[in-house]
1. Which residues, taken from the stretch 30-43, are assigned to a helix (DSSP H, G or I) and either buried (at least 20 other Cβ atoms within 10 Å of the Cβ) or of a type in the set (Ser, Thr, Tyr) (or both)?
2. When the residues of the stretch 118-159 are filtered to those that are farther than 12 Å from TRP82 by Cβ and acidic (Asp, Glu), which remaining residue is nearest to the chain's Cα centre (by Cα)?
3. Only one residue in LEU126, LEU89, LEU72 is under 16 Å from ILE146 (Cα atoms), in contact (Cβ under 8 Å) with a residue 40 or more places away in the chain and touching an Asp or Glu at 6+ places or on another chain (Cβ under 9 Å). Which one?
4. How about the stretch 47-159: which helices (runs of 4 or more DSSP H) wholly inside it have at least 1 residues that are modelled with pLDDT of 95 or more and farther than 21 Å from SER34 by Cβ?
5. Restricted to the stretch 23-39, and to residues that are farther than 15 Å from ALA128 by Cβ and polar (S, T, N, Q), which residue is modelled with the lowest pLDDT?
Amino acid sequence: MSFEDWIFALHVLGAATLVGGLVMSWIVVFAFRSVEDAQSTLSLNRVAMVGSAAVIAGLVLALGFGIWLAILRVAFHPWDGWVIAAIVLWGIATALILRSFAENSKPVKKARALIAGGDNGPNAELRALNRTSRGLVLRALASAAIVLIVVDMIYKPGA
């Protein structure tokens, strides 16, 4: 295997980590919608943190090794249209996913406050925060941007 092959393998590993973390985070988002108490919210948040870390690691690895690969490969250049499109989509996906993480941290803050106040039962406000659609929409848009990146990487329009 050449050095270039290793960089490509690490780029694909980053992309797989991103997609796996995103799938895991979607599962947790839907699980949150059925949670009504603080303890369950915090328990699910522990799982969500693993998915979030995988998404962030995948975003960084895929971009870093992808740009490196575009520099190494003779046939590709970082200024090719499809590479620039992927970088722009990466920026959009990153902004949206980070914003969705912020939205999904609101029920966690509320759950911590409830536990600190001694309230461990079902809570209507926490239920509403766990079922909010704002984080869901942001995550859906980020997921769509990531799917577009994968399509861009496969077909390389203009290359």
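The values are calculated or read from the model by the stated rules, or taken from the named source; none is laboratory data. It should be emphasised that the depicted structure is a prediction, and the values quoted were computed from it without experimental measurement. Every residue, glycine as well, gets a Cβ built from its backbone with ideal geometry; the counts of neighbours run over all protein chains shown.
1. First, the residues of the stretch 30-43 that are assigned to a helix (DSSP H, G or I): 30-32, 38-43.
Once the filter is applied, which keeps residues that are assigned to a helix (DSSP H, G or I) and either buried (at least 20 other Cβ atoms within 10 Å of the Cβ) or of a type in the set (Ser, Thr, Tyr) (or both), the stretch 30-43 yields PHE32, ALA38, SER40, THR41, SER43.
2. GLU125
3. Details: LEU126 fails: under 16 Å from ILE146 (Cα atoms); LEU72 fails: under 16 Å from ILE146 (Cα atoms).
The conditions single out LEU89.
4. Values: elements: 81-116, 124-130, 134-155.
Correct list: 81-116, 134-155.
5. SER25
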